[in-house]
Amino acid sequence: MFIGEYKHNLDEKGRMAVPAKFRSQLKGAIITRGLDKCLFVFRKSEWDILAKKIMALPLTQANSRAFARLMLSGAMEAPLDRQGRILVPDYLRRYANLKKQTIIAGVYNRMEIWDEAGWNRYKSKTEASSDEIAEKLGELGI
């Protein structure tokens, strides 16, 4: 499981270190566009589960096609190098507006990679709405 928040730098070649505690879990990692302008990094086993669910969505619905394109067409394998880094492709760095300073957030079954400024804006907005969010989730039984 991935949990926690870590600050890492992206180098000039687009490589970034993965937190040491996550490295053993990322054999065969997949990186793709995420939601909220971040990137998702999945273990291969988790990616296979998600990809099968996406492929089961109705092809006739525009939102299903759009979501499949967002997640699947941007996906690529992200092997760890000897220094425990992954290469973030240029098109994904542009999508997530990644600069040098990034945040890796552990979100249980995936890692998210955020531009640090974007993460701080998102986190501030979410924290300011936490009572409202909790109330809505309470209605769902969470």
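The values are calculated or read from the model by the stated rules, or taken from the named source; none is laboratory data. Since the structure is predicted, the reported quantities are computational estimates derived from the model, not experimental observations. Heads up, the Cβs are rebuilt from the backbone with ideal geometry, glycines too, and the neighbour counts pull from every protein chain shown. Remember, those area values only see protein heavy atoms, side chains included, never the ligands or the DNA or RNA. Shrake-Rupley method; radii C 1.70, N 1.55, O 1.52, S 1.80 Å.
The table for this structure:
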read-out	value
Of the criteria (1) in contact (Cβ under 8 Å) with a residue 40 or more places away in the chain; (2) assigned to a loop (DSSP other than H, G, I, E, B); (3) over 26 Å from residue 13 (Cβ atoms), which one residue 122 fails	(2)
Residues of segment 76-86 classified as surrounded by 17 or more Cβ atoms within 10 Å (Cβ to Cβ), over 14 Å from the mean Cα position of the chain (by Cα) and in a loop (DSSP other than H, G, I, E, B), total	1
Flag for residue 64 being in a helix (DSSP H, G or I) and touching a Leu at 6+ places or on another chain (Cβ under 6 Å)	yes
Positions within segment 1-16 being farther than 18 Å from residue 29 by Cα and open to solvent by 80 Å² or more (accessible area, probe 1.4 Å), in sequence order	5, 7, 9, 12, 13
Checklist (1) open to solvent by 50 Å² or more (accessible area, probe 1.4 Å); (2) small (Gly, Ala, Ser); (3) at positive phi applied to residue 73, failing item	(3)
The lone exception for residue 35 - which of (1) touching a Phe, Trp or Tyr at 6+ places or on another chain (Cβ under 9 Å); (2) at pLDDT 95 or above; (3) open to solvent by 50 Å² or more (accessible area, probe 1.4 Å) it fails	(1)
Conditions (1) open to solvent by less than 60 Å² (accessible area, probe 1.4 Å); (2) over 17 Å from the mean Cα position of the chain (by Cα); (3) farther than 27 Å from residue 7 by Cβ; number of the one not met by residue 68	(2)
Within segment 1-57, tally of residues that are in contact (Cβ under 8 Å) with a residue 60 or more places away in the chain, at negative phi and part of a strand (DSSP E or B)	18
Count of segment 87-105 residues which are of a type in the set (Ser, Thr, Tyr) and either open to solvent by less than 50 Å² (accessible area, probe 1.4 Å) or part of a loop (DSSP other than H, G, I, E, B) (or both)	2
Residue under evaluation residue 138, criteria (1) at pLDDT 95 or above; (2) over 17 Å from residue 2 (Cα atoms); (3) open to solvent by less than 50 Å² (accessible area, probe 1.4 Å), criterion not met	(1)
Conditions (1) under 21 Å from residue 19 (Cβ atoms); (2) surrounded by 12 or more Cβ atoms within 10 Å (Cβ to Cβ); number of the one not met by residue 108	(2)
